[in-house]
Amino acid sequence: MRFSIKQVDFFERQVKLRLPFRFGVVTLTEAPQAFARVRIALENGKEAEGGAAEMLAPKWFDKDPALSNEQNFEQLRASLRLARDAYLASASNNAYGHSIEAYGPQLALSAVSGLNNLVACFGPALLDRAVLDALCRALGISFYDAIRKNVPGITAPGWQQDLMAFDMDEFLFEFRPGPSIAARHTVGLVDPITSGDVKEKLNDGLPQTLEEVVARYGHRWFKLKVGGDIRADVDRLAAVSSVLNEIKEPYFTTLDGNEQFPDADKVVALVKAIRADARLKRLYSSIAFIEQPIKRSHALSGDVSELAEDKPVIIDESDDTLEAFPRARRLGYTGVSSKTCKGLYKSILNAARCRMWNREEGSDRYFMSGEDLTLQAGLALQQDLALVSLLGLKHVERNGHHYVNGMAGLPAGEQERFLQGHADLYERSHGAVRVKIRDGNLQIGSLNCTGYASAAMPDWDAMKEMK
């Protein structure tokens with residue numbers, strides 16, 4: 001299905017956090033959320049609009065401490081502008097064709113502007129979702145049907161020989177999205193664990209401590225941030241485990257290093273310390289994998305096989321190009337994160353590699369994980385949930401609902417549209433529409449609707465236009 005891209009508009013909306021979120025080298029208190037609105041025209045003349053949204057997160061795409069948060073925001077805006085120019089200049093193509101044709105030039109032009117590959121891919125990642133949303137609306141089909149029938153035209157990139165013989169159409173057709181998915185709760189580095197850790201009570205009726213989160217949402221999956229100081233990490237994990245061990249049912253965890261370790265040896269030392277601490281016996285056995293512990297400058301230059309023998313290790317920030325996962329595999333990594341901010345087509349291609357490599361080895365060694373970048377309720381959350389569900393993931397990190405007071409800052413009409421369109425996913429409580437989590441799960445059956453997982457659109461007129 002070929003089409004041309006007629007118009008691309010960007011908007012911004014400021015997001016203030018109710019709780020500070022510490023990950024890696026940054027403590028986030030507020031940031032803009034970027035929105036893309038795209039208009040396409042099919043070859044038969046029919047036109048349609050689509051949208052997508054993503055946080056402009058500082059100190060994740062580029063962690064250079066010399067850059068201010070505002071400079072990080074501007075880097076991501078620059079990536080969006082470069083992508084807009086490329087997509088508007090492209091000839092008629094299918095959805096995947098628009099993306100892959102812009103891929104190489106986007107990396108090259110971004111490099112000239114001093115932008116790293118992760119920043120470079122942000123712009124196309126947002127536009128690809130808006131474009132696919134428009135295409136689905138033009139055809140009157142859901143995102144799920146579009147991918148399963150390969151309406152975008154996804155194939156192996158011509159320069160990646162390892163996937164050339166893989167039957168992409170058969171692989172995509174086997175996707176079966178589920179009606180629900182487990183939410184993996186993030187425990188940030190400064191999050192209060194118990195009431196004794198609270199310095200200032202919010203009194204907004206929402207959970208503030210880990211104890212309160214478990215009691216309210218019933219989570220059984222948790223993502224625990226570690227900071228690279230072994231003694232401090234072990235003591236904090238012991239505090240976390242004192243809460244999690246009160247859960248009678250089995251619980252599961254993942255560790256996220258956020259590039260805070262210089263090499264694999266330091267991570268091995270942390271894992272050994274966790275294993276040796278009697279307080280962490282149950283928590284150690286609950287660890288499903290370790291996410292990007294090593295700084296990206298070294299992560300793909302050293303072998304992690306010794307570490308991976310104990311717990312699987314995945315890349316996240318190092319997944320900055322379509323070649324990153326195959327390179328990581330050769331060093332002992334067995335997994336890679338799916339994040340819509342890195343690109344939906346990258347996630348699908350990486351999932352295909354997992355299927356292919358597991359077939360070759362006769363195992364389930366290689367896997368995808370679903371991770372979060374403070375996704376906000378609405379388009380951003382729903383499009384990411386639809387993607388990870390389609391990929392077959394059973395749990396996904398979710399934290400935007402915890403650090404931000406739902407849709408409280410949005411126009412009342414917009415809140416109501418999303419609540420009416422997705423009553424299984426949202427609820428109205430404490431003065432705003434917000435994500436609904438019961439027994440640790442998100443109900444997402446309503447995402448199977450016309451368009452890319454959204455029966456509602458944001459209030460474009462209520463946002464600031466991004467130039």
Exercise for the section: Considering the options 379, 115, 328, tell which one lies farthest towards the positive end of the dipole of the chain, charges being +1 on Lys and Arg and -1 on Asp and Glu at the Cβ, about the Cα centre. Expected result: 379
Problem - Peptides 258-269, 456-467 ordered by average Cβ neighbours within 10 Å, highest first - result: 258-269, 456-467
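Please compute the length gained on full extension between residue 163 and residue 2, using 0.36 nm multiplied by the number of residues separating them and subtracting their Cα-Cα distance.
55.6 nm is the gain from fully extending residue 163 to residue 2.
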Problem - Highest average packing first - 297-308, 137-148, Cβ atoms within 10 Å - result: 137-148, 297-308
Handout entry: Integer Hz, Karplus 6.51/-1.76/1.60 couplings in order for the stretch 48-64, x for Gly and Pro
Key = 7, 10, x, x, 7, 8, 7, 6, 8, 7, x, 6, 10, 5, 9, 9, 4
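Under unit Cβ charges (Lys, Arg +1; Asp, Glu -1), what dipole magnitude, rounded to 20 debye, does the chain have relative to its Cα centre?
500 debye
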Completion exercise
At the level of C-alpha centres, the distance separating the stretch 258-327 and the stretch 153-189, in angstrom, is 23 Å
Fill in the blank from the handout: Treating only Lys and Arg (+1) and Asp and Glu (-1) as charged, each at its beta carbon, one finds that the stretch 17-139 has a dipole about its Cα centre, in Debye to the nearest 20, of 260 debye
Completion exercise
Set 6/467; 201/311; 223/266, cut-off 26 Å on Cα-Cα distance; pairs above it are 201/311
Practice task
Output the antiparallel fraction of DSSP beta bridges having both residues in the stretch 314-467, as a percent to the nearest 5.
Solution key: 40 percent
Problem - Among 96, 345, 17 the positive-end extreme of the charge dipole of the chain (Cβ point charges) - result: 17
Problem - DSSP bridge orientation in the chain - percent antiparallel, rounded to nearest 5 - result: 60 percent
Practice task
Enumerate the aspartates and glutamates that residue 225 could reach by cross-link, defined here as Cα to Cα under 16 Å, with residues fewer than 8 away along the same chain left out.
Solution key: 191, 233, 235, 256, 259, 291, 316, 317, 371, 372, 397
Practice task
Place a label point 7 angstrom from the Cα of residue 327 along the Cα-to-Cβ direction, then list the residues of the stretch 285-304 whose backbone nitrogen is under 20 Å away.
Solution key: 291-304
Problem - Under-5 Å amide H pairs with residue 190, H placed in peptide plane, nonlocal only - result: 22
Problem - Span per principal axis, largest first, for the Cα atoms of the chain (Å) - result: 67, 51, 44
Problem - Kirkwood Rh and Cα Rg combined as Rg/Rh, the stretch 291-359 - result: 0.94
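Rounded to the nearest 500, what is the 222 nm mean residue ellipticity of the chain from helices alone, with -39500 (n - 2.57) per DSSP H run of 4+ residues and division by all residues?
-11500 deg cm²/dmol
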Practice task
Report, in order of residue number, the helices in the chain meeting two criteria: a C-alpha extent of 15 Å or more along the helix axis, and a mean Kyte-Doolittle hydropathy of at least -1.0; treat each whole DSSP H run as one helix.
Solution key: 69-89, 95-112, 117-139, 230-244, 264-276, 344-361, 379-390
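What dipole magnitude, in Debye to the nearest 20, does the stretch 265-340 give about its Cα centre under +1 on Lys/Arg Cβ and -1 on Asp/Glu Cβ?
Roughly 320 debye, rounded to the nearest 20.
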Completion exercise
Under the 7 Å Cα-to-Cβ spin-label approximation, residue 149 and residue 108 lie apart by a distance in nanometres of 3.6 nm
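Each value in this text was obtained by applying a stated rule to the coordinates, not by laboratory testing. As the structure is a computational prediction, the values presented were derived from the model and not from experiment. When we count neighbours, we look across all protein chains shown, and the Cβ atoms used for this are built from the backbone with ideal geometry, even at glycine.
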